[in-house]
Every structure is written in C-alpha cells, then in structure tokens.
Amino acid sequence: MTNRDENQYRREQVRSSASERSPSAYGISTTLPRIEQTEIVEVGNYSIEHLKVEFTNGVRRDFHRLHSQGYGSVIIAAIPEPGIVMLIREYSVGVHAYELGLPKGRMDKGESVEEAANRELKEEVGFGARRLTCLRTLSLAPTYMSNRTHLVLAEDLYEERLPGDEPEELEVVPWRLDQLGDLMLRDDCSEARSLAGLFMVREYLATR
C-alpha cells in the first residue's frame, strides 16, 4: 500500500468510526431547536441578534449571535513553490499585536470565492494565481458567530499587485510546510483559521 493509499484508508476509517458514533446512536436528539423570536441590533460592520430558542426537550434559552454585514470572507494558502506557503505579518487590533497568518479578507458584492481570493492575494502578497481551489468552508466560533470563511489553495503564482486598504505595508513571510510544528508554537501565530487551514492544505497536497 502506498503512502497516499494508506492516508486515504485512515481518513475513511475515521469517517466510518465517527458515523457509527453519531449522536442519534446514544439517544441524543439531532432535531434542531426551534427559534421562537429574534431581535437584531446593528453595531458598525456587525449585527448582534438576540434569539429565544426552544429545544426538543422543552427547555428554553436566550442566545446572542454575531453576524458580519458582508458577503463572506476568504483565507488563502498561496504556494510559490512545492513545500512553501506564503504568510503575512500584520497588526491585529483584537490582540494589539503583530501576528503571522495566511492572507485573508472580505468578499466584495458579486465576487466569487476564487475572484475574492485572487484579489486579496494581489493586495496583501503581491501575487495572483492561475489555479485556485476552494478546499472547504471554516467557521470561527459557531456557538455564537455566523461568519464563514472559505479556505482557498492558490497555485501557479505570478507577480501582480493591487492597491489594498491596509494602513501599512505587510511583511510577506515564506514558510516551509514541513515546519508547521514550529509555527504553531510561536506566540505571534495564534489565528485559528490560519493554523487549521495550513494543516488542511499540507494534508491535501500530500495526498492528492
């Protein structure tokens, strides 16, 4: 059995095992709770939704859900050469620090996922891609945020820069995919979507 076949076999075993242990097998309800009432408050580029929810067992709870007022977002793993991915270092106001991570940004109205990824790549890294593959969609904190981010693999790169909205020039940092273990231990790389996306991309490239 080749390494690729072995990896594929392991993934199938994990999926099969997870299916066998589905919530319904333990008597846990898989029917979604009923949303009884909602109220939305607009706050800048976001909206906060207050929901009254009733579960199938009759229990009622109040929840708050954060929505982004946009069209979704993209996060891009750009591969300039085999085994290398492009990271950027930028100021992150949420943690008041400079963070390493994948290039990312919001989609504009009317853009496809691939168009948005290519535009953001040109704005933040100075490269476009002739081959763009949307690998999957990620959620950040699904217990209270509705935001979804599309993970895009960018290959066959070419130089092209578009003006962006960054307040300062971003540092581009090439990183080896076989050194992600070192990256995930760095204090300046804590963005969960970037870390998850990097490992997914490495697995995808190793087994395709």
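Restricted to segment 166-202, and to residues that are free of Cβ contacts under 8 Å to residues at least 24 places away in the same chain and among the acidic types (Asp, Glu), which residue is farthest from PHE127 (Cα to Cα)? Filtering segment 166-202 for residues that are free of Cβ contacts under 8 Å to residues at least 24 places away in the same chain and among the acidic types (Asp, Glu), the one farthest from PHE127 (Cα to Cα) comes out as ASP187. With the structure loaded, tell me whether VAL201 is β-branched (Val, Ile, Thr), assigned by TED's automatic domain parsing to the domain that holds VAL95 and not in a helix (DSSP H, G or I) or whether it fails that test. The answer is no for VAL201. CYS134 fails exactly one of the following numbered conditions: (1) free of Cβ contacts under 8 Å to residues at least 40 places away in the same chain; (2) closer than 30 Å to HIS50 by Cβ; (3) hydrophobic (A, V, I, L, M, F, W, C); (4) in contact with a helix residue (DSSP H, G or I) (Cβ under 6 Å, 6 or more places away or on another chain). What is the number of that condition? Of the numbered conditions (1) free of Cβ contacts under 8 Å to residues at least 40 places away in the same chain; (2) closer than 30 Å to HIS50 by Cβ; (3) hydrophobic (A, V, I, L, M, F, W, C); (4) in contact with a helix residue (DSSP H, G or I) (Cβ under 6 Å, 6 or more places away or on another chain), the odd one out for CYS134 is (2). For segment 111-143, give me each residue that is at pLDDT 95 or above and assigned to a loop (DSSP other than H, G, I, E, B). Matches in segment 111-143: GLU111, SER112, VAL125, GLY126. Per the listing GLU81, GLU12, the residue uniquely loosely packed, with under 11 Cβ neighbours inside 10 Å, modelled with pLDDT of 90 or more and not in a strand (DSSP E or B) is GLU81. Scanning segment 56-78 for residues that are without any contact (Cβ under 8 Å) to a residue 24 or more places away in the chain and either under 13 Å from GLU120 (Cα atoms) or not in a strand (DSSP E or B) (or both) returns GLY58, VAL59. When you check ARG119 against the structure, is it of a type in the set (Lys, Arg) and surrounded by fewer than 18 Cβ atoms within 10 Å (Cβ to Cβ), yes or no? No, not satisfied. Of the residues examined, ILE35 is not one that is of a type in the set (A, V, I, L, M, F, W, C) and surrounded by 15 or more Cβ atoms within 10 Å (Cβ to Cβ). Residues of segment 84-109 that are part of a loop (DSSP other than H, G, I, E, B), in contact with a Phe, Trp or Tyr (Cβ under 9 Å, 6 or more places away or on another chain) and closer than 24 Å to TYR158 by Cβ: MET107, ASP108.
The values are calculated or read from the model by the stated rules, or taken from the named source; none is laboratory data. From a predicted model like this one, the values you see are computed outputs, not experimental measurements. All Cβ positions, glycine included, derive from the backbone under ideal geometry; neighbour counts span all protein chains shown.
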